[in-house]
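Worksheet: one structure, shown below.
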Amino acid sequence: MRKYQQLLLVLVSFFSVFSLLLYRYEYMQLLNVLEVLNFFGYTADNMTNCVLLDDKFYVDLENDNLLAKPPVSWVKRDQYYAYSAFWSAQQQSVHLLILGPRSAFSGYECRVWFKMADQFVSKPAKLSYSIRTNNHDPNFHQYEVHCKPDDFPVNTEPYGVLLGRTNLLKLFIPIEVQKESPIKDDLIMCISPDYSGIPDTHLVEFIAFHTLLGVRHFVAYDIGIHYKVLQFLRSIAGHRDLYKTFSTLSWQFPTTDLQLERSILQKDCMQRTQGLAKHSILLSWDQYLALNKDELNSLKNDINYTFQIKKCCNNRQLKKSWPMAMKKTICEKTNETINTIIDDQTMNYQPPTKMGSIHRLEEICEKISGKDDKSMAKYLINFVNSKLLRLWKSQLKYSITHSTNNNMINLYKNYS
């Protein structure tokens, strides 16, 4: 009899444990369902009225390509080219840069489009302009055009500007509303298009180095950088210990005049960044800032800063595994300088303050009589161990391994 009692107790215990496990499993399933419903914002009384995504998603969406919104490209109408348009809330007008032959813009009209919820309203605007002549090419004078609407609806956002003659095709340029930040960065870096085909790793090194100096926003004018590099640099922006934003703009300049191109790039860069930073600077991918101090800090709004350019070549005694800027340390001074870009309205027109130098990495170094420049040596350890470079090398290693595996699979399929 006792044996049957013990067996019954064992069966009851086993059934109880099994019921407990089953209950826990069902509870966890129900909990997961409730969490999903709560995340997407479903309410008990109305399951169809849902709110998708959380606040962080919208912050990330806003910061993605922050300084390249809306997307733009060079547009041609008649003999005129336009690239970008900017709305100044302070002046209540649109500012455009246009290239073309000398003209009085007779018969031209300007209209500004505003967005109201999901509708658009067009308002006529007063057109004014100034011209900067181009002595190299009479077909590409610079026009600074202003379109100021007489009035516009309240609680609206400017969307685009239409410029041209009546009853003819017109230039339509999307408007970027100039952003304003109560706390401005010291420096935002714009990067001119690369015509030389710099290796992808050197592009990442450029961003990694200037992040060490304290630059948090980068704007790259692109004419063909590999999309995977751009995708990598944009996808990790905003992560801890890295830069905040990386923005890319398509750039297909309509003429080969490099001096004119640089002038337009500087003006576009200033318009995009002046509400977020005290200064901006336009560099090439092969140019590195070497500061007198370790980091950027406390730049003044009304002072222009200057950097002397040095051309730098390989020091063969240094390690090949180091970043390119750390290997090219045999430098020679030039007579060239690059200044920070500052709004003319805030500048006090004093001589520029020297803030350091710019190392221009030369590809061919045959006749250079420079000395070993140690001004960037203080960044060596942090540069070599940069989080961005380590992430890039890991991604590169994964891509090579993945590509190799795919090639092996294809070879196996071909010979099997």
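The values are calculated or read from the model by the stated rules, or taken from the named source; none is laboratory data. Predicted model, so just to flag it, every value in this text is computed and none were measured. No Cβ is skipped: glycine too gets one built from the backbone with ideal geometry, and neighbour counts run over all protein chains shown. When the accessible area is computed, the model is the full protein with side chains, heavy atoms only, and any ligands, DNA or RNA have been set aside. Shrake-Rupley method; radii C 1.70, N 1.55, O 1.52, S 1.80 Å.
Which residue pairs have Cβ atoms under 7 Å apart, sit 6 or more places apart or on different chains, and have a first residue in the stretch 368-397 that is open to solvent by 60 Å² or more (accessible area, probe 1.4 Å) and a second that is assigned to a loop (DSSP other than H, G, I, E, B)?
Sorted first by the residue in the stretch 368-397, then by its partner, the pairs are ASP372/ASN315; ASP372/THR329; LYS378/ASP294; LYS387/ASP241; LYS387/LEU242; LEU391/ILE236.
Taking the stretch 239-252 only, how many residues are more than 14 Å from MET189 (Cβ to Cβ) and surrounded by fewer than 20 Cβ atoms within 10 Å (Cβ to Cβ)?
Our first condition is that a residue be more than 14 Å from MET189 (Cβ to Cβ); within the stretch 239-252, this holds for 239-242, 250-252.
Then keep just the ones that are surrounded by fewer than 20 Cβ atoms within 10 Å (Cβ to Cβ); that gives 239-242, 250, 252.
Residues in the stretch 239-252 being more than 14 Å from MET189 (Cβ to Cβ) and surrounded by fewer than 20 Cβ atoms within 10 Å (Cβ to Cβ): 6 in total.
For VAL121, are the conditions met, namely being on the phi < 0 side of the Ramachandran plot and either open to solvent by 80 Å² or more (accessible area, probe 1.4 Å) or of a type in the set (Lys, Arg) (or both)? Steps first, please.
Values: on the phi < 0 side of the Ramachandran plot: yes; either open to solvent by 80 Å² or more (accessible area, probe 1.4 Å) or of a type in the set (Lys, Arg) (or both): no.
So VAL121 does not fit the description; no.
Among the residues of the stretch 179-195, which ones are of a type in the set (S, T, N, Q) and either touching a helix residue (DSSP H, G or I) at 6+ places or on another chain (Cβ under 8 Å) or in a strand (DSSP E or B) (or both)?
Listed by number, the list holds a single entry, SER192.
Taking the stretch 216-242, which residues are more than 16 Å from TRP392 (Cα to Cα) and either hydrophobic (A, V, I, L, M, F, W, C) or not in a loop (DSSP other than H, G, I, E, B) (or both)?
Across the stretch 216-242, the qualifying residues are HIS217, PHE218, VAL219, ALA220, TYR221, ASP222, ILE223.
Give the number of residues within the stretch 344-364 that are open to solvent by less than 70 Å² (accessible area, probe 1.4 Å), at pLDDT 75 or above and part of a loop (DSSP other than H, G, I, E, B).
The total comes to 2.
Looking at the stretch 225-238, is at least one residue open to solvent by less than 10 Å² (accessible area, probe 1.4 Å) and among the aromatic types (Phe, Trp, Tyr)?
Scanning the stretch 225-238 turns up no residue that is open to solvent by less than 10 Å² (accessible area, probe 1.4 Å) and among the aromatic types (Phe, Trp, Tyr).
Could you tell me which of the residues THR306, THR256 is without any contact (Cβ under 8 Å) to a residue 12 or more places away in the chain and either of a type outside the set (Ser, Thr, Tyr) or open to solvent by 10 Å² or more (accessible area, probe 1.4 Å) (or both)?
One residue alone meets the criteria, THR256.
Select from the stretch 272-300 the residues that are polar (S, T, N, Q) and in a strand (DSSP E or B) and write down the one among them that is surrounded by the most Cβ atoms within 10 Å (Cβ to Cβ).
To start, the set of residues in the stretch 272-300 that are polar (S, T, N, Q) comprises 273-274, 280, 284, 287, 292, 297-298.
Checking the rest, the ones that are also in a strand (DSSP E or B) come to 280, 287.
Values: SER280: 25, GLN287: 21.
Per the stated criteria, the residue is SER280.
Identify, please: which residue in the stretch 151-195 is of a type in the set (Gly, Ala, Ser) and at pLDDT below 90 and is, among those, most open to solvent (accessible area, probe 1.4 Å)? So that I can check it myself, show each step before the final result.
The initial filter retains those residues of the stretch 151-195 that are of a type in the set (Gly, Ala, Ser), namely 160, 164, 181, 192.
Restricting the remaining residues to those that are at pLDDT below 90 gives 164, 181.
On the way: GLY164: 2, SER181: 35 Å².
In this case the residue turns out to be SER181.
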